[in-house]
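> Have a look at this one before I ask anything.
The values are calculated or read from the model by the stated rules, or taken from the named source; none is laboratory data. Predicted model only: the values in this text are computed from it and were never measured. When we count neighbours, we look across all protein chains shown, and the Cβ atoms used for this are built from the backbone with ideal geometry, even at glycine.
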Amino acid sequence: MAFWIAAGFICVVVAGVVFLAARRPGDVQAPAAAYDLRVYRDQLAELDRDVTRGTLSEEEATRARTEVSRRILDADRALQEVQRSDGASRLGTAVVGLGLVATVAGAVFVYGQIGAPGYPDLPIGQRIAMIEEARDNRPSQDLAEEQVPDRPAPNADPERAAMVAQLRTVMEQRPDDTEGLTLLAANEAMLGNFRAAHRAQTRLIGLLENDVTGRHYIDLAEMMIFAAGGYVSPEAEEALRIGLQMEPRDGTGRYYAGEMYAQQGRPDLAVPIWTALLTESNPDAPWVQPIRQQLGDVAFAAGVEVDPSLLAAPRGPSMADMDGLAPEDQQAMIETMVNGLADRLATEGGPPQDWAQLITAYGVLGRTNAAQIVHDDAQTVFADVPEALDMIDEAFRAAMARIGEQ
């Protein structure tokens, strides 16, 4: 109610000031012309009294009456013009008044349509408390997994699929084999069976006891996040918390911690985590590009600015750098760059753009088998991401066409 009282008071004051300003010119001009007319009429009467007293001759009085009458005519014309302009001013004042009424009514209507009438004040402290309450009551891991749509079966290597099936059978007979659980969790994840992977990882952590590391917990959190379709559940958050307590500098754990805060309404906590991680990371770290793609929007939501240099990808060798080398040195530089990209994707993974780039590079180098192997591996890694598969298939077709032309 206080909002409506304040808004109504402000509207009335502003409308009143504008309305009075629109009326002011007519109120000021009209009395001046009427006053002049009264003065000239009094002068005519005074002339008649002067003639009667004998202070003026009739001839002098006639000349004076002529001059005063001329002034009366001029004053009367001026008064009529003022009255006409006053009439126009009244019409303009009426238009201004109607416009003010329409403006206020329109403002109330628009606010009723897109505003929040009756919504209470929401200070930042209360908003944060509401967000934290929502975080505390967010869906569990099991519920989140139930809501994730079924993914298409990945195009897995038949030999690997057979090996994992055999490993599952072995682990049913040897449930306390930590090495077997390590292999099972990793291979289930590579096949896209993230639910089975994080269950195996949980069993592994329980068996390792004092030998468990922060990396085990961070791997568990990552498997849970993939199983939930990218959602960071309370269980995944707990695994991240324990993992980062044990290994606070782990890049994967810090990336997912920032992702968790970003998706749960706390961009103010995500930005410092990600900016610090970007500053400390190598340019080819697997989390660098995903952070760069999101950090601008997250920083905007947090109301802070980030260093633009953090959002820019590092520049590789320029054409000028390449032109200054001998042909064999250029080839060696290209081979080194391609091999470095291949090693990173094999050990750390990366976004689909990097896989497509590697396939394209192999096409330029004429390495058909290498392009085919990368393509097949990418089909498994991105089996549940149709857009990534389309990008990779297009790069592979272009690479094969280029090799055919060589």
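> Out of Ala186, Ala200, report the one residue that is outside the structural domain of Gly350 (by TED's automatic domain parsing), in contact with a helix residue (DSSP H, G or I) (Cβ under 7 Å, 6 or more places away or on another chain), surrounded by 14 or more Cβ atoms within 10 Å (Cβ to Cβ) and not acidic (Asp, Glu).
Ala200
> I want to confirm something. Restricting to segment 147-161 and keeping residues that are over 22 Å from Gln201 (Cβ atoms) and at pLDDT 75 or above, which single residue is nearest to the chain's Cα centre (by Cα)?
Per the criteria, the residue is Pro149.
> Now for a separate question. Keeping to segment 272-287, report how many residues are in a helix (DSSP H, G or I) and either of a type in the set (Gly, Ala, Ser) or in contact with a Phe, Trp or Tyr (Cβ under 9 Å, 6 or more places away or on another chain) (or both).
Adding up the residues that qualify gives 5.
> In addition: Can you confirm whether segment 33-53 contains a residue that is of a type in the set (Val, Ile, Thr), at pLDDT 80 or above, part of a helix (DSSP H, G or I) and more than 53 Å from the chain's Cα centre (by Cα)?
Yes, segment 33-53 has at least one match.
> Pairs needed: first member in segment 1-24, closer than 17 Å to Gly112 by Cβ; second member anywhere, at pLDDT 80 or above and in a helix (DSSP H, G or I); C-beta distance under 7 Å; at least 6 residues apart or different chains.
Cys11/Val104
> Would you call Ala270 closer than 14 Å to Val288 by Cα, modelled with pLDDT under 95 and not assigned by TED's automatic domain parsing to the domain that holds Glu348?
No; evaluated as a whole, the condition is false for this residue.
> Can you report the number of residues in segment 1-32 which are basic (Lys, Arg) and either at pLDDT 75 or above or surrounded by 14 or more Cβ atoms within 10 Å (Cβ to Cβ) (or both)?
1
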